[in-house]
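Visitor: Below you will find the structure I want to go over with you.
The values are calculated or read from the model by the stated rules, or taken from the named source; none is laboratory data. In this text, all values refer to a predicted model and were calculated from it rather than measured experimentally. When we count neighbours, we look across all protein chains shown, and the Cβ atoms used for this are built from the backbone with ideal geometry, even at glycine. When the accessible area is computed, the model is the full protein with side chains, heavy atoms only, and any ligands, DNA or RNA have been set aside. Shrake-Rupley method; radii C 1.70, N 1.55, O 1.52, S 1.80 Å.
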Amino acid sequence: MTKAEVTSTEPALTQVQRVIYTFTAPSKTFTDILHHSRNVLLPILLIIVGSYIFTFSAAKRVGYEGLAESAIKANPKMEERVQGMTAEQVATLQKQQAIGMKITVYSFPVVFVIFGALYALLFWGTLNFGFGGEATYGGLFAVVLYSFLVGLGKFLLAALMLWVTDPPEIFTFQDPVGTNLGYYLDRHSGPLYALLTSIDIFEIWEFIVLGIGCAIVAKLTIRKGMIAVFIWWTLFTILKIGFAAAFS
């Protein structure tokens, strides 16, 4: 792999062009971020709007009670615990779950952006201190948010599927549409489910875009950018599998 292109004589892109190129020619978007504005207003607005389209669709098509029931069915330990409860206790638990789902719905976009800020911090340290890069935090924050637009596509697809088909028996915010093999398992929990859901079409696409962006903004080779992304993907996947093994 060659060193990421860091010189540019091209005029600055518009925000709309950046969004389009994120999907079609990501190197153009991230080279523009390196040499011009780090403005992330448009991706943030798109993330907020897209998130609410998804959560509104889930609330209308599945319902908060349905989301609460799905959360119970997806967790064998919780489902086993419910079987030993009285009808009143089950109703109370479902009510608590429904309240939690409402909080999740309204906080989803905010969590998206906060997670992006923390994600950028991880890559800032990894690229600069681990690989000798020259990335600024602001540049990496922009890279992360633009790459999130690819991941947002999964949730928009899920929203569409909710309106054109009947909601599945188990519907979760973590895995709302069948773009990975884990989605098709009977149980939406456990180490195998955690592993298979981590190998997702949209996640792979998002990480490729993220790796390209990290390399360009940090002035490193594309190979090093991809390695940095793969390292964190591996660590997150191991933690996800470990968490699933402990609580399912």
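Visitor: List every residue whose amide H lies under 5 Å from the amide H of T221, counting only residues 5 or more places away in sequence or on a different chain, with H placed 1.01 Å from N in the peptide plane.
Guide: A4
Visitor: Moving to a separate point now. In what sequence, largest accessible area first, do R38, R18, R61 appear using a 1.4 Å probe? Working shown, then result.
Guide: Details: R38 115, R18 0, R61 80 Å².
Result, largest first: R38, R61, R18.
Visitor: If I take every Cα pair under 8 Å that is 6 or more residues apart in the chain, average their sequence separation and divide by the length, what percent do I get for the relative contact order? Display every interim value, and only then the final one.
Guide: Numbers: 314 pairs, mean separation 72.4, N = 248.
Reported relative contact order: 29 percent.
Visitor: With the other protein chains left in place, how much accessible area per residue, in square angstrom, belongs to the range 33-91 at a 1.4 angstrom probe?
Guide: I get 55 Å² per residue for this part.
Visitor: Can I ask one more? Taking all protein chains as present, what is the carbon and sulfur share of the accessible area of the chain, in % to the nearest whole number, probe 1.4 Å?
Guide: Whole-percent figure for carbon plus sulfur exposure: 67.
Visitor: For W205, what accessible area in Å² do you get when you roll a 1.4 Å probe over the heavy atoms of the protein chains, rounding to the nearest 10?
Guide: It works out to around 100 Å².
Visitor: A further question on this structure: Starting from the Cα of K73, draw a straight line to each of the aspartates and glutamates and keep only those under 17 Å, dropping any in the same chain fewer than 8 residues away.
Guide: E65, E169, D175, D186
Visitor: Report the full-extension gain for the segment K219 to K95: residue separation times 0.36 nm, less the Cα-Cα distance, to one decimal in nm.
Guide: Result: 39.5 nm gained on full extension.
Visitor: List the pairs from K28/K224; K77/K224; K102/K240; K102/K224 whose alpha-carbon separation is above 30 Å, in the order I gave them. Could you put the intermediate results ahead of the total?
Guide: Values: K28/K224 19 Å; K77/K224 41 Å; K102/K240 24 Å; K102/K224 41 Å.
Beyond 30 Å between Cα atoms: K77/K224; K102/K224.
Visitor: Quick check: with the 1.4 Å probe, what order do Y64, Y52, Y146 take by accessible area, largest first?
Guide: Y52, Y64, Y146
Visitor: May I pose another question? What figure in square angstrom, to the nearest 10, would you give for the accessible area of F115 with a 1.4 Å probe?
Guide: Here the residue's solvent-accessible area equals roughly 100 Å².
Visitor: Using r as the Cβ-Cβ distance of L121 and R187, and R0 as 45 Å, what FRET efficiency do you calculate, to the nearest 0.05?
Guide: For L121 and R187, the calculated efficiency is 0.85.
Visitor: Rank these by accessible area, largest first, 1.4 Å probe: L46, L152.
Guide: Largest accessible area first, the residues go L46, L152.
Visitor: On to the next question. Just the number please: accessible area per residue for the range 167-248, 1.4 Å probe, all protein chains included, in Å².
Guide: 49
Visitor: Continuing with the same structure: Could you go through the range 70-82 in sequence order and give the Karplus-derived ³J(HN,Hα) for each residue, using 6.51 cos²θ - 1.76 cosθ + 1.60 with θ = phi - 60°, rounded to whole Hz, and x for Gly and Pro?
Guide: 5, 4, 6, 5, 6, 10, x, 5, 5, 5, 5, 5, 5
Visitor: When the helix-only estimate is applied to the chain (DSSP H runs of n ≥ 4, each -39,500 (n - 2.57), divided by the residue count), what is the mean residue ellipticity at 222 nm, nearest 500 deg cm²/dmol?
Guide: Taking each H run of at least 4 residues, the total per residue is -24500 deg cm²/dmol.
Visitor: Okay, which of the range 32-46 sit inside 16 Å, backbone N to the point 7 Å along the Cα-Cβ direction of A12?
Guide: Once the point is set 7 Å along Cα→Cβ of A12, 32-43 turn out to lie under 16 Å by backbone N, inside the range 32-46.
Visitor: If I fit a long axis through the Cα atoms of helix 201-218 and take the longest principal axis of the Cα atoms of the chain, what angle between them do I get, 0 to 90°, rounded to 10?
Guide: 30
Visitor: Between the helical axis of 137-164 and the dominant principal axis of the chain, each derived from Cα atoms, what acute angle in degrees is found, rounded to the nearest 10?
Guide: The helix 137-164 is inclined about 40 degrees to the chain.
Visitor: Would you work out the charge dipole size for the chain about its Cα centre, treating the Cβ of every Lys and Arg as +1 and the Cβ of every Asp and Glu as -1, and quote it to the nearest 20 debye?
Guide: Roughly 420 debye for the chain.
Visitor: Continuing with this model, one more query. Quick one: length gained pulling R61 to T86 fully straight, 0.36 nm per residue minus the C-alpha distance?
Guide: 6.2 nm
Visitor: Treat each spin label as a single point 7 Å out from the Cα along the C-beta direction, and report the K102 to V49 distance in nm.
Guide: Once both label points are built, they end up 2.8 nm from each other.
Visitor: Using Cα atoms only, what is the angle between the long axis of helix 41-61 and the major principal axis of the chain, expressed in degrees (0 to 90) to the nearest 10?
Guide: 20
Visitor: As a test question: what accessible area, to the nearest 10 Å², does I238 have when a 1.4 Å probe is rolled over all protein chains in place?
Guide: The accessible area comes out at roughly 100 Å².
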